[in-house]
Amino acid sequence: MESILKRVSESPILLPDPLSDWECAHVFNPGVIYHRGLFHMFYRAQGMDLVSRIGYAVSEDGIHWNRLRSPVLVPASSNEAWGVEDPRVVEIEGVFYMTYTAFGPPKGRAILAGGSITPMLAQSENLITWKRIGPIIQGEDNKDHVLFPRRIGQYYVALHRPRPAIWLAFSRDLRNWPREKMRFLFGPREDNWWDNVCVGANGAPVETEHGWLLFYHAYDKERVYRFGVALLDLEDPSRVIFRPKDPIFWPETIWELYGNVPNVVFSCANILVNDTVYVFYGGADHVIGLATASLKDILDYVRYHE
Ligand code: BMA
């Protein structure tokens, strides 16, 4: 099986920095936004303490990056004490929003009871200074949340992942996300070879004339992480129009097969720039890679591949 997403290089595009205290161990799972001719990357970084912080880098071509010396988001409260993880960034009505996962000790409960993983939301006017808005859901482990890049009707819409399935949440003000409005999107397919255990959204869905193009990840019983695509209805994104049964991307290079966590490709960014979809992803929770495909090829695949 050949993937329609092609790696731009056999090498990663960003590596840990051995001279840095906060990003010398691992850099992975970046969110990326294209704004005024530049790619802006927000990446998860770990130093010797293995606490995740969010670093920033900027690029003209998506391949060569200049990074800022200091992280742009660091843990700020006890529920973030173990790290801020997996940023996904969108622009809505002139404001930048970052969804990220707060990881910390749950208050007064055993870790396995849940509540140590909080889906958080922050906003920025300038891409560097981030102000927390708050959690979108509390009291349960939930992650892989990302905003759609525009309101649908009167609502801001988020994908999120109460294990093991993807759900939709709706809010009028980005602060209140009523449980009764949440809708199930789709879950793992128990009889399918690669997405039979757990699924979660990748980057913000891409708006196309045929529907919202959703990239998602899934893992199987061997914990191999792969990507799939689906097409959602533009006005009612809880309606899945197509969901091909095969994955579109999977670990293949040495740095995806071996690293901090083996057999992982994990993406928080699939952005459209001049008819090309750029998929930025973490390889084995250790380095960052880039694969691309034309929007047309991906749409043909999602619409015509059973
Ligand atoms: C998920 C997330 C990702 C990570 C992946 C593979 O649960 O924590 O950040 O890349 O596991 O380890």
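Here are the numbers:
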| read-out | value |
| --- | --- |
| FRET efficiency for K245 and L50, using Cβ-Cβ distance with R0 set to 30 Å, rounded to 0.05 | 0.25 |
| Calculated [θ] (222 nm, deg cm²/dmol) that DSSP helices of n ≥ 4 give over the chain, each run adding -39,500 (n - 2.57) | -1000 deg cm²/dmol |
| Residues of type aspartates and glutamates that K245 reaches as a straight line, Cα spacing below 20 Å, ignoring anything fewer than 8 places off in the same chain | E2, E190, D191, D195, D220, E222, D233, D297, D300, E306 |
| Accessible surface of the chain, 1.4 Å probe, proportion on carbon and sulfur as whole % | 51 |
| Pair I92, D233: separation of 7 Å Cα→Cβ label points (nm) | 2.1 |
| GluC sites (Glu not before Pro) within the stretch 1-51, DSSP loop, no more than 11 other Cβ atoms inside 10 Å | E2, E10 |
| Two-site label geometry, K131 and C24: point separation in nm, points 7 Å out along Cα→Cβ | 3.6 |
| Amide proton proximity set for I241, modelled H, under 5 Å, gap of 5+ | L231, L232, D233 |
| Alpha-carbon Rg/Rh ratio, for the stretch 165-306, with Rh computed the Kirkwood way | 0.97 |
| Length gained when the stretch A165-R189 is fully extended (0.36 nm per residue, less Cα-Cα span) | 7.6 nm |
| The chain: Rg to Rh, with Rh as the Kirkwood radius over Cα pairs | 0.93 |
| F280, F242, ranked by accessible area, largest first (probe 1.4 Å) | F242, F280 |
| Phi-based couplings in Hz for the stretch 215-225 (Karplus 6.51, -1.76, 1.60; Gly and Pro marked x) | 8, 9, 10, 8, 10, 10, 5, 8, 6, 8, 8 |
| Longest exposed-site-free window of the chain, the sites being trypsin sites (Lys or Arg not before Pro) in a DSSP loop that have at most 14 other C-beta atoms within 10 Å | 246-306 |
| Cα gyration tensor shape of the stretch 172-218, rounded if a/c is under 1.5, else prolate or oblate by comparing a/b with b/c | oblate |
| Distance (nanometres) between label positions extended 7 Å along Cα→Cβ at E10 and R179 | 5.3 |
| Restraint check, K143/K221; K6/K181; K221/K296, Cα-Cα greater than 29 Å | K6/K181; K221/K296 |
| Accessible surface of H40 - all protein chains present, 1.4 Å probe, nearest 10 Å² | 20 |
| Accessible area per residue in Å² at 1.4 Å probe, computed on the chain | 43 |
| Selected from G47, G94, G55 as most flexible by GNM, with the chain as the system and alpha-carbon contacts under 10 Å | G94 |
| Candidate residues V90, V261: accessible-area rank, largest first, probe 1.4 Å | V261, V90 |
| GluC sites (Glu not before Pro) lying in DSSP loop within the stretch 171-238, provided at most 16 other Cβ fall within 10 Å | E190, E209, E222, E235 |
| Accessible surface ranking that places the most exposed of D21, D233, D86, D49 first, with a 1.4 angstrom probe | D21, D49, D233, D86 |
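The values are calculated or read from the model by the stated rules, or taken from the named source; none is laboratory data. Since the model is a prediction, treat every value here as computed from it, not as a measurement. Glycine also receives a Cβ, built like all others from the backbone with ideal geometry; neighbour counts cover every protein chain displayed. We work out accessible area using only protein heavy atoms, side chains counted, and drop any ligands, DNA or RNA first. Shrake-Rupley method; radii C 1.70, N 1.55, O 1.52, S 1.80 Å.
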